[in-house]
Every structure is written in structure tokens, then in C-alpha cells.
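Worksheet: one structure, shown below.
The values are calculated or read from the model by the stated rules, or taken from the named source; none is laboratory data. It should be emphasised that the depicted structure is a prediction, and the values quoted were computed from it without experimental measurement. We place every Cβ from the backbone using ideal geometry, glycine too, and count neighbours over all the protein chains shown. Side chains included, ligands, DNA and RNA excluded: accessible areas come from the protein's heavy atoms. Shrake-Rupley method; radii C 1.70, N 1.55, O 1.52, S 1.80 Å.
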Amino acid sequence: MIDGIDGLEGVVAAETVLSDVDGLAGRLVIRGHSLDELAGRTTYEEAARLLLDGFFDDLPEDLAPVLGAARAEVFAEVAALDDRLARLPPTEAMRALTARLPDGDDLATALRLIAAPAVFSAAVLRRRAGEAPVAPDPTLRQAADILRMLRGRAPSEAEAAALDTYLVTVCDHGLNASTFTARVIASTHAGLTSAILGGIGALKGPLHGGAPGPVIEMLDGIGSPANARAWIEAALDRGDRLMGFGHRVYKVRDPRADALKRAVRALGEGSNALPGRLAFAEAVEQAALAILKDRKPDRSLQTNVEFYTALLLEALAFPPSAFTCAFAMGRVAGWVAHAREARAGRLIRPQSRYVGPWPKAAA
Ligand code: ACO
């Protein structure tokens with residue numbers, strides 16, 4: 001291991017105008033706005049516009065109509081969703097459909113890509129449930145249309161608002177693994193579609209965007225607050241990691257966890273079951289934090305975005321197998337903006353230190 005850069009921790013590998021993650025203050029800034037200013041107050045279209053501003057000459061003031069049209073356009077690719085693709089895990093099927101889109105660096109390509117995870121994931125989930133995919137309604141905003149395409153009926157305003165909050169909360173986050181991947185690909189001038197496919201590939205791993213599904217498995221495994229401590233201790237004794245806890249950068253609480261917890265609470269106001277589920281999750285969270293503090297006193301392992309993501313997406317009836325797809329629906333705007341920014345810079349090509357054997361000297 002090269003001293004000090006295991007996993008590139010602490011290495012500054014890019015300059016960006018897009019977002020700043022302050023791990024010690026527990027603060028996320030996106031283009032000059034704190035997450036608290038944006039989450040719950042901004043639509044996904046507005047957040048995406050904020051991110052894309054300055055990266056396309058022809059960017060319209062209001063992204064909603066052009067993004068709606070892009071959803072309708074990419075829906076044509078759903079015809080390629082055959083049984084073989086539909087049997088793949090949803091993230092892989094969504095990735096495969098996204099791969100059918102042409103590469104390019106223009107605004108039309110960008111909009112198609114920002115629409116793609118939403119449209120393709122909804123179609124894949126419908127197909128897996130034995131139902132026909134629902135075509136997008138370009139007049140709706142993206143959050144409401146996602147829920148409509150998933151369920152075949154219009155969501156309540158509160159549900160659409162909760163998903164909007166989620167999409168905005170995860171739209172960008174500094175140089176996380178998937179964004180870094182997208183930037184590397186974009187720096188080769190391969191095109192936005194290639195960059196976004198790389199982002200989806202990196203996001204899917206359980207150490208990155210694949211964690212919220214296992215959060216539900218953990219909650220279901222625990223079952224009741226009384227069982228939390230014993231279940232968590234046993235999991236850690238086995239060497240398992242607790243999904244939804246710990247972060248490479250945040251050494252205090254992940255501000256996205258708070259934004260999403262507020263969104264779950266707001267959604268719960270109109271529901272019978274959700275407040276109980278939230279109280280249970282909070283009890284598990286408290287037990288997990290206390291045990292992690294006990295076991296790893298020199299690490300500051302806090303709740304990360306994935307814990308309350310799981311509760312929010314579960315409340316919106318997303319199956320856990322599709323939580324990573326939902327993450328991609330939001331993060332794709334950040335990937336596109338980062339890809340445009342990286343394309344304007346130099347090829348990203350670091351070096352490695354060879355530690356393998358050398359050829360034997362010729363006799
Ligand atoms: N549960 C138990 N122990 C943990 C956890 C956890 N969730 N997270 C870190 N640790 C421990 C490690 O075992 C390690 O202990 P050691 O020093 O005794 O070996 C120490 O804390 C540091 O762990 P690292 O792997 O070095 O931390 P890193 O910065 O590489 O990893 C990560 C961060 C991958 C998020 C990690 O905390 C983790 O695996 N969490 C669970 C998965 C998860 O929630 N992922 C979503 C992250 S948020 C996002 O990407 C959107």
C-alpha cells in the first residue's frame with residue numbers, strides 16, 4: 001500500500017464548481033447552496049438545471065418540458081426489454097437499456113441520459129411484476145412521472161414531493177466513486193453515455209449505492225427494537241458491516257440522512273404504518289451508533305444517506321432490488337455535469353507503482 005493514499009483517501013483529484021462535501025462540518029454545498037436550502041424546496045428539474053448551468057450553451061431556463069420530452073423519446077428503447085433482460089437485477093437491466101442510447105456530448109444526449117434511469121427502471125420493474133410498461137407523461141415533473149410510470153396511476157402530492165426531495169438530496173456529492181468513474185471516462189472524450197454507464201456500474205456496488213437494499217434486510221432481520229442490540233452484535237461478530245453506517249468523508253452525521261429523515265417524517269403524516277416503521281428504524285439506528293462507538297472508538301462511524309433512503313423508498317413502494325436504480329435517477333444529473341466539466345480538462349491518467357516481479361536478466 002502506498003503510504004497515505006489507500007483507497008485514494010484524502011487525495012484531491014479534481015477541481016469542481018459543482019459540489020463540496022465537508023466531512024468535518026457535516027455539510028454538503030451544491031453550486032453555492034447548502035443541501036438544507038435545496039432539499040424539500042427545489043424540484044429535481046431545478047436542481048439539475050443548477051448543476052448543468054454553464055455546461056451547455058442552449059440550456060433552457062425551465063428543464064421540465066425538455067426533460068419530459070426526453071423521457072418520451074427514450075421510452076422507445078423499452079421495446080428492447082425482452083424476458084432475458086427483465087430477469088436481470090433491475091440495475092443491470094436499466095444499465096443495458098441505457099447502453100442502447102447513442103454517445104454524444106450535446107444537450108439532447110444529456111437530457112436523454114437524465115431521463116433514462118427513471119424511464120428504464122420503471123419499465124423494468126413493471127415488467128418484472130408481470131405488468132406492461134407505462135409510457136411517460138411529458139407534462140408531469142420527473143418525480144411524479146416516475147411514481148406514475150411505476151404504479152400506473154398518479155401519486156399523491158406528498159409522495160411526489162418526497163421523491164423529489166430524495167432525487168435532489170442525492171443529485172451530486174463531490175468526488176464519490178461513481179462520479180470519479182464518470183469523470184475519468186469523460187476525460188477520454190468517449191461521450192456522455194459512456195461516462196454515465198461507468199457511473200451506473202460503480203454505483204451498483206454495496207459499498208457505494210447498493211447499500212439501501214441491505215438496510216431493509218437488516219431491519220427485517222432485526223424485527224423488533226428489543227432484538228436490535230443482539231442482532232447487531234452478532235452481525236459485527238461475524239465481521240459484517242452495518243449497511244447505512246460509515247462514510248469515507250463524513251466524520252460527523254451525513255446531512256443527507258437528516259434531509260431524508262425529514263422527508264420520511266413528512267410523508268408519514270398521512271400514513272398509519274410509516275410512523276411506527278420510522279420509530280423502529282430510529283431505535284435500530286441508536287443501537288447501531290452506540291455499538292459502533294463502543295467497538296470502534298477511534299473511528300467516527302455515523303449514519304449515512306443510505307439508511308433513511310431505504311425507509312423513504314420503501315414508503316414509496318420501491319422494491320429494495322430497485323433502490324440503486326432510484327439512486328441513479330437522482331445522481332445522473334451530477335454525473336452529466338461532472339462529465340462535462342471533466343471533458344473540458346486534461347485526460348485523467350495517473351500512475352501506479354509496480355510491485356510485481358521483474359523479468360529475469362537474459363543469461
Ligand atoms: N459497519 C461496521 N464497521 C464499519 C462500517 C460499518 N458500516 N464502516 C466502516 N467500518 C469499520 C471498518 O471495519 C474499519 O475497521 P478497522 O479499522 O478496524 O478495520 C473502519 O471502520 C474503517 O473502514 P474503511 O473500510 O476503511 O472505511 P472506508 O472509508 O473505506 O469505507 C464505507 C466507507 C465503504 C462507506 C464503509 O463505511 C462501509 O462499508 N459502510 C457500509 C456500507 C454503506 O453503508 N455504504 C453506503 C455508503 S454512502 C454512499 O456511498 C452513497
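Okay, here's what the table says:
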| quantity | calculated |
| --- | --- |
| Candidate set: the range 57-81, residues that are β-branched (Val, Ile, Thr) and under 14 Å from Ala110 (Cα atoms); chosen: the one least open to solvent (accessible area, probe 1.4 Å) | Val74 |
| Filter result for Arg340 (modelled with pLDDT of 95 or more, surrounded by 16 or more Cβ atoms within 10 Å (Cβ to Cβ) and not small (Gly, Ala, Ser)) | yes |
| Selection within the range 32-69 - over 22 Å from the mean Cα position of the chain (by Cα) and of a type in the set (Val, Ile, Thr) | Val66 |
| Any helices (runs of 4 or more DSSP H) falling wholly within the range 191-286 and containing at least 1 residues that are more than 16 Å from the ligand (Cβ to nearest atom) and within 25 Å of His338 (Cα to Cα) | 192-203 |
| Residue match in the range 304-324 (condition: within 13 Å of the ligand (Cβ to nearest atom) and outside any helix (DSSP H, G or I)) | yes |
| Enumeration of residues in the range 17-52 that are in a loop (DSSP other than H, G, I, E, B) and either under 30 Å from Leu267 (Cβ atoms) or in contact with a helix residue (DSSP H, G or I) (Cβ under 6 Å, 6 or more places away or on another chain) (or both) | Leu18, Gly23, Ala25, Gly26, Arg31, Gly32, Ala39, Gly40, Arg41, Thr42, Thr43 |
| From the options Gly199, Gly205, Gly191, Gly209, residue that is open to solvent by less than 10 Å² (accessible area, probe 1.4 Å), modelled with pLDDT under 95 and either under 14 Å from the mean Cα position of the chain (by Cα) or assigned by TED's automatic domain parsing to the domain that holds Glu45 (or both) | Gly209 |
| Those helices (runs of 4 or more DSSP H) lying entirely in the range 137-190 with at least 2 residues among the hydroxyl-bearing types (Ser, Thr, Tyr), under 23 Å from Gly40 (Cβ atoms) and out of contact with any helix residue (DSSP H, G or I) (no Cβ under 6 Å at 6 or more places or on another chain) | none |
| Qualifying residue in the range 259-273 (condition: open to solvent by 50 Å² or more (accessible area, probe 1.4 Å) and on the phi > 0 side of the Ramachandran plot) | no |
| Some residue of the range 166-177 being of a type in the set (S, T, N, Q), under 30 Å from Leu107 (Cα atoms) and within 14 Å of the ligand (Cβ to nearest atom) | yes |
| The range 313-325, residues that are over 27 Å from Leu192 (Cα atoms) and surrounded by fewer than 24 Cβ atoms within 10 Å (Cβ to Cβ) | Glu314, Ala315, Leu316, Ala317, Pro319, Pro320 |
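Conditions tested, residue by residue: (1) farther than 30 Å from Gly199 by Cβ; (2) modelled with pLDDT of 95 or more.
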| residue | (1), (2) |
| --- | --- |
| Glu269 | yes, no |
| Pro275 | yes, no |
| Ala281 | no, yes |
| Glu285 | no, yes |
| Ile291 | yes, yes |
| Phe327 | no, yes |
